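Structure first, commentary second.
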Amino acid sequence: MSVAIDDVDPPVDGTSKPGRRKRVLSTGQATSRSLSSQPGRIIVYVLMFMWTVPTFGILVSSFRSEIDVKTSGWWKWFTDPSITLENYRRVLSSAPGDDNMAKFFMNSLIITIPSVILSVGIALLASYAFSWMKFKGRDWIFVAVVALLMVPLQMALVPLLQLFTGGAHIGTVTIFPDLSLTGTYIGVWIAHVAFGLPFCIFILKNFVSALPKELIEAARVDGAGHGTTFVKLVVPLSVPAIASLGIFQFMWIWNDYLIALIFAGRDKAPVTMKLAQVAGERGNAWHLLTAAGMVSMVLPIMVFFALQRYFVRGLLAGAVKG
Amino acid sequence: MGDLISAIVTVTIAIGGLLAFLGGLYWLTSKVPKKWQEGVRSWVFLLPAMVAMIIGLLIPTIRTIYLSLLDDNGDKFVGFDNYSDVFTTTGTRLTVFNSMTWVFVGTVFTTIVGLAVARFADGMRGEKAAKSAIFIPGAISLVGAGIIWKFVYDGPPFEVGLLNSITKNIPGLPASMGGDGDRIWLLERGFGGADPPASLPGFNTFLLIIIFIWASAGFATVIFSAAIKGVPDSLIEAAKVDGATDRQAFYKVTMPYIRSTIVTVATTITIGGLKAFDIVAATTGGRFGTSTIANEFFVTKFVQGRGGLGSALAVVIFILVIPVVVMNRQAQKRAEEMMGA
């Protein structure tokens, strides 16, 4: 388990503000830095405890039998330990009446991976244009994109849903056909890509425009067109930013609930939506809720631990300018 | 499995088709006179992003503003009636109060927890473990967070609630505050006799905000931690040489230095609080006086089918976000001037 939250590199956008410099080790630092007094340490330990216990509770509960879960709190497990995988078997099973979480886990993957690839890829193309190409109104259009960052997605949900279910018409003239996209993966992908693009462009433009000018210009002088420069130079150089943003988007889309609720429908629902359904419709099935909850969390937690460095870098880049 | 295969095929066709289409367009631009070539090519690069954002975000946003001025069926122009409904109806007005509570309480406490962990864990043994422990909830979906906390707040008939088992053991606590271990925390608005009027946030709203703080503190910690480590050692050392204690050095040197970071984090959390939906939907569904504007938007539009009022609620969220972003910009500018940057 590589836990490395503290030693993050500068944010991917390349604006190395003095406030974000990597800490330089120097002698005498240990004494001048030791802000962690005794009461300070106790505060941290208390917070750590409070922040861990709820998750730990559901983890322990997920391995207890139905009777145990319903009749005694999970902390009783310590005095009366017993482990069963029955809850997991039930939630993953596709037998009628069971929750078939395996299917919804797969749905989450099918929703998330293409949405991430498309949003990051399309944003990278646009970032290149905003950074290295000259066209009329470039700065204004970029400002408009940044302004779209402010728009809460609630503003766009209803009309987009109407567009997916009925198309768009002026009088009797159809300007956008009725594609019946609700309840399909395509509809969910489009929604995620459209809603995620302003953020992705904002982050990637910061990075791409900070690439060394000499490098891009040298390629241009050597006769490379914009297409070649983009594919052969900008894409490979942007890999760190793509990785950070990609992981960030992955977590964001995997954990999304609202977009799925509106566009996915029951059959294509991701795990978050299924989990909320289990909670709402089987109010008494506490033992199943624990295992279903763990199934929905296992992947983002693994991604967090395995790719923490990139993920944190993405967070920092996103927070630099808000 | 059929789903998976058809999804893979669809994605491959979609991405392949998009690339082929853009490649074709790009090739066509070589026929364009040199003078305009760069401009035309730029639009090939921008095309997919612009189409997606205009169809998926810009036009829908404008349309929502328009719909908010129509009645619930979208037939008749009613001016600002939907907006006055939001603020004069007790139910929706409460959601506005609740959202404000989310914003203030959530932002203040998330910032404090984030700063505390970032400051006190800095350089201590087990710093990485501490920060990971605080961060893990941030990797979990807010729906998952809501489910996890159901196991803290639950009451009879099942014995799963952690909070009740704690309050039960506090001597002298009245039953209304969980003294008998049987309180159903999320479902009761008040505390004993202090049941708030229907127009004010109830206690259970604070219980939901705790979940929000729990889920967002990791984000704040990570950002503050990076900022604190960026404060030049020389500044801290100079303060120490002048006789400042750790505490004074933190408040007089570190805090001003990372001011713009604090503003940024507070802005992000504020906007998150304004959009609070997942936690509410996954725990109470907005009942028992816990609804927020974002939850009310969903219920109004997608459960009750009231288009006009629902759109007005969405616009209210938008209008509340704007001053937060503007204030953030101004505070950033001031902070930059202060730092001489």
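We did not get these values from a lab; they are worked out from the coordinates using the rules stated. Given the structure is predicted, the values throughout are model-derived calculations rather than measurements. A quick note on method: Cβ atoms are made from the backbone with ideal geometry, for glycine too, and the neighbour counts reach across all protein chains shown.
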May I ask for the Kirkwood hydrodynamic radius of the stretch B:161-269, worked out over all distinct Cα pairs and given in angstroms to one decimal? 17.6 Å
Sequence ranges B:256-263, B:173-180, ranked by mean other-Cβ count within 10 angstrom, highest first: B:256-263, B:173-180
Is there a pair in A:LYS103/B:LYS150; A:LYS70/A:LYS103; A:LYS76/B:LYS168; A:LYS70/B:LYS168 whose C-alpha atoms are over 21 Å apart, and which pairs would that be? A:LYS103/B:LYS150; A:LYS70/A:LYS103
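Note down the relative contact order for chain B as a percent, whole number, built from C-alpha pairs under 8 angstrom at least six residues apart. The partial results should precede the final answer.
Working: 415 pairs, mean separation 82.1, N = 341.
Averaging sequence separation for qualifying contacts and normalising by length gives 24 percent for chain B.
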Any lysines whose Cα falls less than 28 Å from that of B:LYS333, other than same-chain ones fewer than 8 residues away, would be A:LYS17, A:LYS22, A:LYS205, A:LYS213, A:LYS321, B:LYS229, B:LYS252, B:LYS275
Enumerate the amide H contacts of A:PHE176 below 5 Å, restricted to partners 5 or more residues apart or on another chain; note that Pro and chain-start residues carry no placed amide H. A:ALA168
Sort all Cα-Cα distances of the stretch B:189-330 into consecutive 5 angstrom bins from zero, then give the percent of pairs in each bin up to the one containing the longest distance. 2, 8, 14, 13, 15, 13, 10, 8, 7, 5, 3, 1, 0, 0
By counting other Cβ atoms within 10 Å of each Cβ, how are B:ILE166, B:ILE223 ranked from fewest to most? B:ILE166, B:ILE223
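Listing B:ARG93, B:ARG41 from the residue with the fewest other Cβ atoms within 10 Å to the one with the most, what is the order?
Taking fewest neighbouring Cβ atoms as first place, the list is B:ARG93, B:ARG41.
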Computed FRET efficiency, Cβ-Cβ of B:ILE322 and A:HIS169, R0 35 Å: what is it to the nearest 0.05? 0.65
Which whole-percent values make up P(r) of the protein assembly as shown when all C-alpha to C-alpha distances are grouped in 10 Å steps starting at zero? 3, 14, 24, 26, 20, 10, 3, 1, 0
Modelled FRET efficiency - R0 30 Å, B:PHE206 with B:THR88, Cβ distances, 0.05 increments: 0.75
Helix check for chain B. Which DSSP H runs span at least 24 Å along their own axis by Cα, with a mean Kyte-Doolittle hydropathy no less than -1.0? B:2-28, B:34-53, B:203-229, B:307-338
So what is the relative contact order of chain A, in percent, for Cα pairs below 8 Å that sit 6 or more residues apart? 31 percent
Average partner chain C-beta neighbours within 10 Å, per residue of B:112-124? 5
Compactness of the stretch A:87-209 - radius of gyration and Dmax, Cα, Å: 19.0, 60
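Can you give the average number of partner chain beta-carbon atoms within 10 Å of each beta-carbon in peptide B:215-224, as a whole number?
3
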Of B:GLU237, B:GLU38, B:GLU159, the most mobile residue in a GNM of chain B (C-alpha springs, cutoff 10 Å) is B:GLU38
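Enumerate the helices in chain A for which the Kyte-Doolittle hydropathy averages 1.6 or more and the C-alpha atoms extend at least 27 Å along the helix's axis, using complete DSSP H runs.
Working: long enough: A:38-62 (36 Å, 1.20); A:101-132 (46 Å, 1.54); A:185-208 (31 Å, 1.68); A:286-306 (30 Å, 1.79).
Helices meeting the span and hydropathy rule in chain A are A:185-208, A:286-306.
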What order, most packed first, do the peptides A:79-92, B:287-300 have when packing is the mean number of other Cβ atoms within 10 Å of each residue? B:287-300, A:79-92
In a Gaussian network model of chain B with springs linking alpha carbons closer than 10 Å, the residue among B:ALA238, B:ALA217, B:ALA226 that fluctuates most is B:ALA238
Can you pull the Rg over Rh of the stretch B:90-177, Cα-only, Kirkwood? 1.06
Anchor A:LYS136: aspartates and glutamates whose Cα lies under 14 Å away (excluding residues fewer than 8 positions away in-chain): B:GLU38
Past the 28 angstrom mark, what percentage of all C-alpha to C-alpha distances in the stretch B:82-338 do you count? 45 percent
Dmax and Rg, reported as Rg then Dmax, of chain A (C-alpha, Å): 24.2, 77
Extension gain, A:VAL53 back to A:ALA144 (0.36 nm per residue minus Cα-Cα distance, nm): 28.4 nm
Sequence-distant aspartates and glutamates (8 or more away, or on other chains) whose Cα lies within less than 14 Å of A:LYS274: A:ASP98, A:ASP99, A:ASP256, B:ASP278
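Over all residues in A:53-64, what is the mean tally of Cβ atoms on other chains that come within 10 Å of each residue's Cβ?
Mean partner-chain Cβ count within 10 Å for A:53-64: 4.
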